[in-house]
Amino acid sequence: MSSPYLLGLRLDGRRVLVVGGGRVAQRRVPALLDAGASITLVSPSVTPALDDLIADGAITWERRRYQVGDCDGAWLVQACTSDRAANAAIAAEAEAKRIWCVRADDRDASAAWTPASGRVDEISVAVTAGGDPRRAAGIRDAVVDALRDGTVDARRNRTKPVGVALVGGGPGDPALITVRGRQLLAQADVVVADRLAPRALLDELAPDVELIDAAKIPYGRYLAQEKINELLVEHAKLGKFVVRLKGGDPFVFGRGGEEMLACARAGIPVVVVPGVTSAVAVPAAEGVPVTHRGVSQEFHVISVHVAPDDPKSTVDWPGLARSPGTLVLLMAVERIAAIAHTLIREGRSPETPVMVVQDGTLPTQRALYADLSTVAERVIAAGTRPPAIVVVGDVVRVGQEIKMVRAERVP
């Protein structure tokens, strides 16, 4: 058998006949709709999913069996019935009228094959694998995954992104960046990276990508935010695609709003890719939910870059102390004594459970458990250092209960 000639059909507004209303048709109709096809479905019955599309007016349903003449006016035919004789008759009519027909039941007798297809931005991937659908789907998935995570370099294309992308890198583990974030990172010309951005991802950048270290080390080297803003605008104005890679989420204590404003004022287009914030992800990685039915129906995320008694603090510490909700404290480790003292003074019980997690989601993750009255001395004794997340509230006990139950179930 000769190799197939692969072709991308542009089906906008063109009639496509689908015969059969079962699972095969259910899989194929959505892709045809995405291609803009005008679909006529011929079948005595349809699956609930197809029925939903019919109800929405997305496809036209002829509620009957196939009849000679159904192929008239079609550009493409999909024979998807469970009756081999019916599929053969459909294919014969299409062949006589020089219309391409895909037989779902017999790849060797089919004039055309439906490839396993996928899409990443403007890149379409289609795999036939000799008409073997399972093998084709496996290869398709591997190629699409490689395009998404940057393993396959897709930067050099005619529709390369422009401007700046503010990308949240997640809580630390490089596998927790979003698919979209990794995709844009693979297409960057310039990457401006934070100290808490997943460093392993930077090792995957192409050699010609310019990497700018925008680390802000506590009490150490510091690149001013104004300078970072200038760098984003400067490189974008040179026609380069700039990715601002941050830890967590750009808009959760990430100063993403300031960077977006700077770019907007300079007329630079910006796309924001949310990230998994460490405020929720790190407690979860340690098995502690920030909310739990009957325990806490609210949680507060607080940046403690200044101490509670600092005049520059805008945090309502008395209100937080009175709240029954969970407190998730960022940048708090070096001020934990003052925080605990303030919360107890303002009304929180000294016995309120506290968890401190260092290097959350990384192989070096470690946690300590205490209460408000003992957490400061425990942190000092353990040598806990940033980056760390502090969780205050009864949900910490829920996490400990989960650990105990799991330990009892381990054989």
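The values are calculated or read from the model by the stated rules, or taken from the named source; none is laboratory data. Just so it is clear, the model here is predicted, and its values are computed rather than measured. All Cβ positions, glycine included, derive from the backbone under ideal geometry; neighbour counts span all protein chains shown. Just so you know, the surface numbers come from the protein's heavy atoms only, side chains and all, with ligands and any DNA or RNA stripped out. Shrake-Rupley method; radii C 1.70, N 1.55, O 1.52, S 1.80 Å.
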Any pair with Cβ under 7 angstrom, 6 or more apart, that starts in the range 1-23 at a residue that is without any contact (Cβ under 8 Å) to a residue 12 or more places away in the chain and ends at one that is open to solvent by 30 Å² or more (accessible area, probe 1.4 Å): none
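Residue-wise test of (1) modelled with pLDDT of 85 or more; (2) among the acidic types (Asp, Glu).
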site: GLY69; (1), (2): yes, no
site: VAL77; (1), (2): yes, no
site: ALA86; (1), (2): yes, no
site: ASP108; (1), (2): yes, yes
site: VAL120; (1), (2): no, no
site: ASP132; (1), (2): no, yes
site: ASP141; (1), (2): no, yes
site: GLY163; (1), (2): yes, no
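Quick check: is even one residue across the range 343-353 within 23 Å of ALA285 (Cα to Cα), without any contact (Cβ under 8 Å) to a residue 40 or more places away in the chain and polar (S, T, N, Q)? If you could, list the steps in order and put the result at the bottom.
Taking the range 343-353 first, the residues within 23 Å of ALA285 (Cα to Cα) are 352-353.
So of that shortlist, the ones also without any contact (Cβ under 8 Å) to a residue 40 or more places away in the chain come out as none.
No, the range 343-353 contains no residue that is within 23 Å of ALA285 (Cα to Cα), without any contact (Cβ under 8 Å) to a residue 40 or more places away in the chain and polar (S, T, N, Q).
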Report yes if VAL379 is open to solvent by less than 20 Å² (accessible area, probe 1.4 Å) and among the β-branched types (Val, Ile, Thr), otherwise no. yes
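This table checks each residue for (1) among the small types (Gly, Ala, Ser); (2) farther than 30 Å from PRO174 by Cβ; (3) surrounded by 21 or more Cβ atoms within 10 Å (Cβ to Cβ); (4) touching a strand residue (DSSP E or B) at 6+ places or on another chain (Cβ under 7 Å).
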residue: VAL306; (1), (2), (3), (4): no, yes, no, no
residue: GLU334; (1), (2), (3), (4): no, no, no, no
residue: GLU346; (1), (2), (3), (4): no, yes, no, no
residue: PRO350; (1), (2), (3), (4): no, yes, no, yes
residue: VAL354; (1), (2), (3), (4): no, no, yes, yes
residue: GLN358; (1), (2), (3), (4): no, no, yes, yes
Which listed residue, of VAL273, VAL288, is over 17 Å from PRO386 (Cα atoms) and under 21 Å from the mean Cα position of the chain (by Cα): VAL273
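Listed here are the residues, each with its yes/no results for (1) at pLDDT 85 or above; (2) buried (at least 18 other Cβ atoms within 10 Å of the Cβ); (3) closer than 14 Å to ALA146 by Cα; (4) not aliphatic (A, V, I, L, M).
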site	(1), (2), (3), (4)
VAL179	yes, no, yes, no
GLN187	yes, yes, yes, yes
VAL191	yes, yes, no, no
ALA197	yes, yes, no, no
ALA200	no, no, no, no
ASP208	yes, no, no, yes
ILE217	no, no, no, no
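Out of the range 45-66, which residues are loosely packed, with under 12 Cβ neighbours inside 10 Å and assigned to a loop (DSSP other than H, G, I, E, B)?
Residues satisfying the conditions are SER45, ASP56, GLY57, ARG64.
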State whether one or more residues within the range 130-143 are open to solvent by 50 Å² or more (accessible area, probe 1.4 Å) and more than 26 Å from SER2 (Cα to Cα). no
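From the list PRO289, PRO283, PRO387, which residue is within 24 Å of GLY254 (Cβ to Cβ), touching a helix residue (DSSP H, G or I) at 6+ places or on another chain (Cβ under 9 Å) and at pLDDT below 95?
Result: PRO387 is the single residue among PRO289, PRO283, PRO387 that is within 24 Å of GLY254 (Cβ to Cβ), touching a helix residue (DSSP H, G or I) at 6+ places or on another chain (Cβ under 9 Å) and at pLDDT below 95.
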So which residues in the range 249-267 are open to solvent by 10 Å² or more (accessible area, probe 1.4 Å) and within 24 Å of the chain's Cα centre (by Cα)? ASP249, PHE251, VAL252, PHE253, GLY254, ARG255, GLY257, GLU258, MET260
If you go through the range 1-19 one residue at a time, do you hit one that is assigned to a helix (DSSP H, G or I) and modelled with pLDDT under 95? no
Pair list, Cβ < 8 Å and 6+ apart or interchain, from the range 364-389 residues that are within 19 Å of SER303 (Cβ to Cβ) and assigned to a strand (DSSP E or B) to residues that are open to solvent by 50 Å² or more (accessible area, probe 1.4 Å) and of a type in the set (Phe, Trp, Tyr): none
If I ask for residues that are under 21 Å from ARG65 (Cβ atoms), of a type outside the set (A, V, I, L, M, F, W, C) and assigned to a strand (DSSP E or B), which ones from the range 85-126 would you list? ARG103
